[in-house]
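Colleague: The following block contains the structure, expressed as structure tokens.
The values are calculated or read from the model by the stated rules, or taken from the named source; none is laboratory data. Source: prediction; values computed, not measured. Because the Cβ atoms are built from the backbone with ideal geometry, glycine has one as well, and the counts that use them run over all protein chains shown. We work out accessible area using only protein heavy atoms, side chains counted, and drop any ligands, DNA or RNA first. Shrake-Rupley method; radii C 1.70, N 1.55, O 1.52, S 1.80 Å.
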2 protein chains.
Amino acid sequence: MIAIDWGTSSFRAYRLARDGSIVQTRAAPMGIMQVEDGRFAQALQSRIGDWLAAGETRVLMSGMIGSRQGWKEAPYVSTPAGADAIAAGMVSVAMETGAAAWIAPGVCTRDAAGVPDVMRGEETQILGVLESLPVADAWICLPGTHSKWVYVRERCIERFTTFMTGEVFAVLKAHSILGRMMDDVAVDLDAFDAGLDAGAGDGLLHRLFGVRARALFGELPAGHSGAYLSGLLIGSELASLPQELDHACLLGSSELTRLYRHALERRGVRVQSLDQHAAAAGLHILDQTLEHMSP
Amino acid sequence: MIAIDWGTSSFRAYRLARDGSIVQTRAAPMGIMQVEDGRFAQALQSRIGDWLAAGETRVLMSGMIGSRQGWKEAPYVSTPAGADAIAAGMVSVAMETGAAAWIAPGVCTRDAAGVPDVMRGEETQILGVLESLPVADAWICLPGTHSKWVYVRERCIERFTTFMTGEVFAVLKAHSILGRMMDDVAVDLDAFDAGLDAGAGDGLLHRLFGVRARALFGELPAGHSGAYLSGLLIGSELASLPQELDHACLLGSSELTRLYRHALERRGVRVQSLDQHAAAAGLHILDQTLEHMSP
């Protein structure tokens, strides 16, 4: 089968053997925003036409390709959601080659205040790492532009919380007065730790101004402001987690993931890193689930 | 005397009578960033040369003109700071006309965590409204790009807290995924109130994502997202105030000030609006203080 992780700005294809092992991978900066006039079928053909010609007949996709802006909308399924519920929410799309093609739905939940939260793509990655979890119930963190904390229980996504941490960091650095002082070449861990401590307190909008005030007073060298701001925001995010959290799984392999690991371990949380080809593994599980569901 | 409120992007001059009443005012988009090569004396002459020629001999200035990027740096004085301490921190600059010219210093403080906070310009406005305060100790709020909450006691700025509320709103609206959904023509008060309630809870970085998720689910019309985000941020700011706060003074006359009044009154806080020509009144008080201090 072919597994496609198709996001807003990137495209990644995996050719998988029957047992789920990865035979071949391809990546391209061909996110759904780069595909013109809804020509997704053609875009897909241009990237993996040779795999299809070689006899692959099943294509499963996940990510923003299933959003309103993508190929075909695959409506969100509600938590708790496991492989069965997610597979049942898949929508099929037509391929000229006659291959069977499906798009995975996203997952939605509501927080304690009744405000909705959504993921699209991450649910498939979560399915892909369920086998690797050390315990039946676990917190999985996916750092990124919109970081997600997902609570998994009995092979289901039970609930989750999204934080705009990465995007807030990026826009403040690029467009606010705080960014003017930043010329960080590398993340200074002491400054990052100081930010973590400050961010754990309340009043984030005040703490943010502290980045500027500390720099004005020479208490934060220009090269450390970015690390401090990063710590402030990640510290604020982690302050929302349950106090009793003592184990977490991290999905990702970026520099940002390394910072999350450091922040969590500093708080006394044991951290397990999970596979970075999780989307391919998750789509393989969905493929098997679909096969069992078919008449 | 002549009072000048000279900020980053604006210039406002007041000609005052001996009793402090305003005789004439002038405003121009001539902030310190618009003055080239440090030619502040010439810029000032171009705006109020006729007042000086008519016999005015004292010019007092406040605002970013006293910052490192301004005419001459007037170092911050520490809290508690009243008229005497602020007047003592004024620095003089040379005018070709022979008029005596001074720049007021900013004020700095430290929060409970030891992180510094600063104001520059607001301290003069605070001095200008001290006479109008209904009680000896009061909380004064100055909404804006960087909103400030100032606690005044015995005619002194006792302590204060800056929040990046306005700037965070602006950068998120202009540069984040949240802004894509915003086409607010006017502030919808129901959406603003819903944001206030959501912002009062913890986890601001999560609540921000709720703006997007609620819009995705049709729970927030496109025309209401901006009002909801504004409420979310102001609600988060107000959550940092003392629970027992039952009276506050608002300094300003903008649309934003109106929203702060609404948010405070909704929380049961009595609100008093203060004079908007506070900077002129404050500089007049500093002028009198300087005269008494001179040998």
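Colleague: Please verify whether A:Leu232 is among the hydrophobic types (A, V, I, L, M, F, W, C), under 17 Å from B:Gly203 (Cβ atoms) and either within 14 Å of chain B (Cβ to nearest Cβ) or assigned to a helix (DSSP H, G or I) (or both), treating the condition exactly as stated.
Modeller: Yes; evaluated as a whole, the condition is true for this residue.
Colleague: List the pairs whose first member sits in segment A:95-106 and is more than 14 Å from A:Glu73 (Cα to Cα), whose second member is aromatic (Phe, Trp, Tyr) and part of a loop (DSSP other than H, G, I, E, B), and whose Cβ atoms are under 9 Å apart, counting only residues at least 6 apart or on separate chains?
Modeller: Once the first residue is more than 14 Å from A:Glu73 (Cα to Cα) and sits in segment A:95-106, no partner that is aromatic (Phe, Trp, Tyr) and part of a loop (DSSP other than H, G, I, E, B) comes close enough.
Colleague: Then there is this: Being aromatic (Phe, Trp, Tyr) and touching a His at 6+ places or on another chain (Cβ under 9 Å) is the filter here; which residues of segment A:151-185 pass it?
Modeller: A:Phe163
Colleague: While we're looking at this one, here's another question. Could you go through segment B:247-260 and let me know if any residue there is farther than 30 Å from A:Ser147 by Cα, charged (D, E, K, R) and either open to solvent by 20 Å² or more (accessible area, probe 1.4 Å) or part of a helix (DSSP H, G or I) (or both).
Modeller: yes
Colleague: Having 1 or more residues that are of a type in the set (S, T, N, Q) and facing chain B (nearest Cβ under 7 Å) is the bar; report the helices (runs of 4 or more DSSP H) wholly within segment A:134-226 that clear it.
Modeller: Result: A:165-175.
Colleague: Hey, another quick one. Between residues in segment B:184-206 that are touching a residue at least 12 places away in the same chain (Cβ under 8 Å) and residues that are open to solvent by 20 Å² or more (accessible area, probe 1.4 Å) and not in a helix (DSSP H, G or I), which pairs lie under 6 Å by C-beta distance while being six or more apart or on different chains?
Modeller: Within 6 Å, the pairs are B:Ala200/B:Ala239.
Colleague: Can you find even one residue in segment B:117-127 that is at pLDDT below 95 and open to solvent by less than 20 Å² (accessible area, probe 1.4 Å)?
Modeller: no
Colleague: Another one. Can you tell me which condition B:Arg266 does not meet? The list is (1) open to solvent by less than 20 Å² (accessible area, probe 1.4 Å); (2) away from chain A (no Cβ under 11 Å), and all the others hold.
Modeller: (1)
Colleague: Go through segment A:132-156 and count every residue that is in contact (Cβ under 8 Å) with a residue 60 or more places away in the chain and at negative phi.
Modeller: Qualifying residue count, segment A:132-156: 14.
Colleague: Further question: Residue by residue through segment B:74-107, note down the ones that are over 30 Å from B:Ala53 (Cα atoms), part of a loop (DSSP other than H, G, I, E, B) and among the polar types (S, T, N, Q).
Modeller: B:Thr79
Colleague: List every residue pair whose Cβ atoms sit under 6 Å apart, with the two residues 6 or more apart in sequence or on different chains, where the first one lies in segment B:24-47 and is surrounded by 12 or more Cβ atoms within 10 Å (Cβ to Cβ) and the second, anywhere, is aromatic (Phe, Trp, Tyr).
Modeller: Taking only residues 6 or more apart or on different chains, the pairs are B:Thr25/B:Tyr14; B:Ala28/B:Phe11; B:Met30/B:Phe11; B:Phe40/B:Trp71.
Colleague: So, one more: Regarding A:Ala194, is this residue modelled with pLDDT under 95 and open to solvent by 30 Å² or more (accessible area, probe 1.4 Å)?
Modeller: Against the criterion (modelled with pLDDT under 95 and open to solvent by 30 Å² or more (accessible area, probe 1.4 Å)), A:Ala194 does not qualify.
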